[in-house]
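The values are calculated or read from the model by the stated rules, or taken from the named source; none is laboratory data. Computed from a prediction, not measured in an experiment: that's the story for all the values here. As a convention, Cβ positions derive from the backbone with ideal geometry for all residues, glycine included, and neighbour counts pool all protein chains shown.
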Ligand SMILES: [Ca+2]
């Protein structure tokens, strides 16, 4: 009797798990993560550090990095997320992941980035379907971008399974160049409904 009950119970919870997994993968939340992240208050605004498969965590910092021309965060007086590549090894990576997203409508991701240093490396925005390792690069920049915050705009659409939007995460990958001197930072990440346009 005990074994039977145990089997029935296990089967029930397996089905519950399967249903919840299906719902998470194929439906996902319809409301995106904190739609405006300035890294000033609630540090990572719902972003999480990649726990496996990368080499470092992004850090949250404020103030100047004089050696690399950074005077402060994008708006002044606040904080930013960054990876200091100085002294690290080429191709080592830090990945910042959004919470799970899904939507029937296109969205526009905008953010400001700061990349300075002769051997700084690269920054990329990638889309990863929930439950899959494969990632699609949506945007990237490589090398020294000068001493200033630059705005980036990225159109984002959900992968579809038939007519159903699939869950995905946005990844920010900061990749070390030669490691001699470099800083990669992002700030004011905004995610809004609708496609990017030339005036956004
Ligand atoms: Ca900020």
- Message: If I filter region 32-39 for residues that are under 29 Å from residue 193 (Cα atoms), away from the ligand (no atom under 16 Å from the Cβ), at pLDDT below 95 and not in a loop (DSSP other than H, G, I, E, B), do I get at least one hit?
- Response: no
- Which of the residues that make up region 62-76 are crowded, with 17+ Cβ neighbours inside 10 Å and more than 10 Å from the ligand (Cβ to nearest atom)? 65, 68, 70
- Note on the structure: Scanning region 77-93 residue by residue, the ones that are in contact with a strand residue (DSSP E or B) (Cβ under 8 Å, 6 or more places away or on another chain), more than 16 Å from the ligand (Cβ to nearest atom) and in a loop (DSSP other than H, G, I, E, B) total 7
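Which members of region 50-61 meet the condition of being within 25 Å of residue 143 (Cβ to Cβ), more than 13 Å from the ligand (Cβ to nearest atom) and surrounded by fewer than 19 Cβ atoms within 10 Å (Cβ to Cβ)?
Initially, region 50-61 is screened for residues within 25 Å of residue 143 (Cβ to Cβ), giving 50, 53-61.
Narrowing the set further to residues that are more than 13 Å from the ligand (Cβ to nearest atom) leaves 50, 53-59.
Matches in region 50-61: 53, 55, 56, 57, 59.
Given region 94-200, what strands (runs of 3 or more DSSP E) lie entirely inside it while holding 1 or more residues that are within 16 Å of the ligand (Cβ to nearest atom) and at negative phi?
Details: elements: 107-116, 121-129, 135-142, 150-156, 168-176, 183-193.
Answer list for region 94-200: 107-116, 150-156, 168-176, 183-193.
Suppose we filter 63, 87, 53 for residues that are over 16 Å from residue 147 (Cβ atoms) and over 21 Å from the mean Cα position of the chain (by Cα); which single one remains?
On the way: 63 fails: over 16 Å from residue 147 (Cβ atoms); 53 fails: over 21 Å from the mean Cα position of the chain (by Cα).
Exactly one residue qualifies, and that residue is 87.
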- Does residue 115 satisfy the criteria of being closer than 14 Å to residue 172 by Cα, in contact (Cβ under 8 Å) with a residue 60 or more places away in the chain and touching a strand residue (DSSP E or B) at 6+ places or on another chain (Cβ under 6 Å)? yes
